[in-house]
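Below is one structure, written out as structure tokens, with a few remarks after it.
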Amino acid sequence: MSDFLVLKVIAKLLIPFILLFGFYVQMHGDYGPGGGFQAGVIVAAAFILYAIIFGVGTARRVAPMVVLVTIACLGVLLYAGVGVANLAYGGRFLEYGVLAYEAAHGNHIGILIVEIGVGMAVAGVIMIIFFSFARRR
């Protein structure tokens, strides 16, 4: 795709907005439709678009496999860490109300951290799957 200048310019214009929309969906998931899974898919789609337009080799240099595995693992650890923190505070595994003085604040904090963890895990795993199947020429 080295000859397609229009595609490269359009991708450079769209990718920041795709990432911004993904982060919006991540943070808006507490109050409306969306959340970690949807945001992870949108963020991964931005990187996959980058890989399709600029080449898989270039995309692998931007997001190396070690970084993707680390992001996916940190996302799972965030999710599980919130559950373990709830257990440590005397609640059930994902009973967020014990995380703060007021149950409503604890629910908000717990859901936000869990959704961030889910978003990181989903984005990392989808990009790992894509790069595992993508061939380098």
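The values are calculated or read from the model by the stated rules, or taken from the named source; none is laboratory data. Just so we're clear, the structure is a prediction, and the values are computed from it rather than from any experiment. Heads up, the Cβs are rebuilt from the backbone with ideal geometry, glycines too, and the neighbour counts pull from every protein chain shown.
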Taking the condition surrounded by fewer than 17 Cβ atoms within 10 Å (Cβ to Cβ) and either hydroxyl-bearing (Ser, Thr, Tyr) or in contact (Cβ under 8 Å) with a residue 24 or more places away in the chain (or both), does Val76 pass? yes
For segment 57-70, check the following and say yes or no: at least one residue is surrounded by fewer than 19 Cβ atoms within 10 Å (Cβ to Cβ), among the hydrophobic types (A, V, I, L, M, F, W, C) and touching a helix residue (DSSP H, G or I) at 6+ places or on another chain (Cβ under 6 Å). no
Condition broken by Gly124, with the remaining ones in (1) surrounded by fewer than 16 Cβ atoms within 10 Å (Cβ to Cβ); (2) of a type outside the set (A, V, I, L, M); (3) at pLDDT 90 or above; (4) under 30 Å from Phe4 (Cα atoms) satisfied: (1)
So which helices (runs of 4 or more DSSP H) are wholly in segment 1-79 and hold at least 3 residues that are within 30 Å of Phe93 (Cβ to Cβ) and either at pLDDT below 95 or of a type in the set (Phe, Trp, Tyr) (or both)? 5-28, 36-54
If we scan segment 92-104, do we find a residue that is in a helix (DSSP H, G or I) and either touching an Asp or Glu at 6+ places or on another chain (Cβ under 7 Å) or within 25 Å of Ala11 (Cα to Cα) (or both)? no
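How many residues does segment 79-117 hold that are more than 17 Å from Gly29 (Cα to Cα) and crowded, with 19+ Cβ neighbours inside 10 Å?
Taking segment 79-117 as the starting set, the residues that turn out to be more than 17 Å from Gly29 (Cα to Cα) are 80-95, 97-103.
Imposing the further condition that a residue be crowded, with 19+ Cβ neighbours inside 10 Å reduces the set to 82, 86, 99.
Going through segment 79-117 one residue at a time, the tally reaches 3.
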